[in-house]
1. Does residue 106 meet the test of being touching a strand residue (DSSP E or B) at 6+ places or on another chain (Cβ under 7 Å) and either free of Cβ contacts under 8 Å to residues at least 40 places away in the same chain or assigned to a loop (DSSP other than H, G, I, E, B) (or both)?
2. Please enumerate the residues belonging to the range 96-131 that are exposed (fewer than 14 other Cβ atoms within 10 Å of the Cβ) and out of contact with any helix residue (DSSP H, G or I) (no Cβ under 9 Å at 6 or more places or on another chain).
3. Would you confirm whether or not the range 235-255 contains a residue that is in a helix (DSSP H, G or I), at pLDDT below 85, more than 30 Å from residue 198 (Cα to Cα) and out of contact with any helix residue (DSSP H, G or I) (no Cβ under 8 Å at 6 or more places or on another chain)?
4. State yes or no: is residue 192 part of a helix (DSSP H, G or I), within 14 Å of residue 48 (Cα to Cα) and either out of contact with any strand residue (DSSP E or B) (no Cβ under 7 Å at 6 or more places or on another chain) or modelled with pLDDT of 80 or more (or both)?
5. Scan the range 156-173 and give yes if some residue there is in a helix (DSSP H, G or I) and not assigned by TED's automatic domain parsing to the domain that holds residue 219, otherwise no.
6. Yes or no: residue 263 modelled with pLDDT of 65 or more, surrounded by fewer than 16 Cβ atoms within 10 Å (Cβ to Cβ), under 24 Å from the mean Cα position of the chain (by Cα) and under 30 Å from residue 48 (Cβ atoms)?
7. Specify the residue that is farthest from residue 50 (Cα to Cα); the eligible residues are those in the range 130-154 that are in a loop (DSSP other than H, G, I, E, B) and at pLDDT 80 or above.
8. Within the bounds of the range 29-37, is there any residue that is outside any loop (DSSP other than H, G, I, E, B), more than 15 Å from residue 186 (Cβ to Cβ), at pLDDT 80 or above and under 24 Å from the mean Cα position of the chain (by Cα)?
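The values are calculated or read from the model by the stated rules, or taken from the named source; none is laboratory data. What you see is a predicted model; the values in this text were computed from it and never measured. Here the Cβ positions follow ideal geometry from the backbone for every residue, glycine too, while neighbour counts run over all protein chains shown.
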């Protein structure tokens, strides 16, 4: 924990930095490959919609002696092997300690009778009149549920765009957040298709939940970017540098909150899928587990990169990048403006207790040295030396005669009456 704390502190203070923003091609390529594989999975193995979406027959069997997961597995295998039409891939889940729920495609009256016979063979003590209830769900109701789910997602996305646009006053951040959300949804749906789990209303609920979690993490990173970029003109950082620092500053926090959230969801997924068998809990847990993991990646690697990419073409951001680069170059060699030693360079000895010469005094001394080397007369019309003092710095042209002052002990412009100014 000590090393993690020191690492987090170094990342926050900028002593260590991971380049999340600068590697544009790498992170874009990784995201495109992952999303492409997720979309391809939908064509290889389409989503397995539950009875709530595609319609079907649901039978609830109450067993007075009690049931467990082994009974559910036995019933699922018996129904699948019975050769009943539209019951080739049944789903059986436990409902409490004394009930089983059998879900198949829509069965005919003959199919209902055949499935009832299979149930009575496995559970002889079940009364078909009182202990077996049949509910048929039409496909029209499933279509309505799907439309309502899509409507809910659409309303959510509109609210997201308005919120981010109004809060950050930056439409480019809304674009980055939407791309990150699409990334998370695509990966979640692809993994869901490969798993073969049924798409139920619980899965849709989990999808909406992970959209909120992903947005929350992205907004935290964006808020730190906004904080770091408010005083760019006064710093040596470009917009991309400040954004990358913001991602590093929130990295440890994102990892910690994700681990805390994923541990209980992973436990629910394991218990529901392994110990309890197919149930609505596993649908909810799988969507949240995959979506939260993808949300951490998109909020750290994808959303900030998109914002920086969109902002990098703004004139103000380009000018700030140039200023920051110039400031860094100037700070890299603090003695670049100090002239090299030359013959006849005046040396100013300081008396004991005298302060070091000021910047103006040093500039005057450099100007005098330049004029002495080039043989330029000191006068009102004297020209500046072509030789640059230091790197990118030239001595200014003297506007008045310069001579040594007895009071100050250094070269200073001589005072002239107004009638003599501008005359040789």
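1. In short, yes.
2. Answer for the range 96-131, where residues must be exposed (fewer than 14 other Cβ atoms within 10 Å of the Cβ) and out of contact with any helix residue (DSSP H, G or I) (no Cβ under 9 Å at 6 or more places or on another chain): 96, 97, 108, 109, 110, 113, 117, 124, 125, 127, 129, 130.
3. No, the range 235-255 has no match at all.
4. yes
5. No, there is no match, as no residue in the range 156-173 is in a helix (DSSP H, G or I) and not assigned by TED's automatic domain parsing to the domain that holds residue 219.
6. Answer is yes for this residue.
7. Per the stated criteria, the residue is 130.
8. Yes - at least one qualifying residue is present in the range 29-37.
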